[in-house]
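As structure tokens, the structure follows; a few thoughts come after it.
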Amino acid sequence: MKSQRLTTTYIQEKGHLVSRLRKAGHTLEEAEDLVHDAYLEAMECLPLLDGILNLPAWINRVLTNRLIDLWRHNSVSRRAGESDVQDQILREIIDGAGVNPFRMPWWKPLILH
């Protein structure tokens, strides 16, 4: 019964939630992943679903919390100087520039692995 309620809500609300995320600037893949994560969290709380009167609103709140967590993580990463660029791409850029610290032995103590 509880899983059927969750399945029905998922079918009814998924399009709205993905659309909301797409309007907020997320790719389709990111939006679908976030919605999936929110429903996965709802599945983990399946025994508690009887106490939730407005399941779509609760899932929307879970999704909002996920977005806030993602924003905070990205914000901290940017302030720390982290990049979305993978190490392999950075190595290719460095090689293309002709200055590769990985080939200069006096730089090795400065490079964090």
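What the table below lists for this structure:
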item	result
Condition check for Ile59: at pLDDT 90 or above and of a type in the set (A, V, I, L, M, F, W, C)	yes
Leading residue by the ranking (modelled with the lowest pLDDT) among those in region 4-17 that are farther than 15 Å from Asn60 by Cβ and not polar (S, T, N, Q)	Arg5
Options Arg20, Arg78; residue that is basic (Lys, Arg) and at pLDDT 85 or above	Arg20
Sole residue being part of a loop (DSSP other than H, G, I, E, B), more than 18 Å from the chain's Cα centre (by Cα) and free of Cβ contacts under 8 Å to residues at least 24 places away in the same chain, chosen from Leu53, Leu48	Leu53
Per-region count, region 1-58, residues over 18 Å from Trp71 (Cβ atoms), surrounded by 15 or more Cβ atoms within 10 Å (Cβ to Cβ) and touching a Lys or Arg at 6+ places or on another chain (Cβ under 7 Å)	2
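The values are calculated or read from the model by the stated rules, or taken from the named source; none is laboratory data. Because the structure is a prediction, the values reported are computed rather than measured. Here the Cβ is made from the backbone with ideal geometry for all residues, glycine too, and neighbour counts use every protein chain on show.
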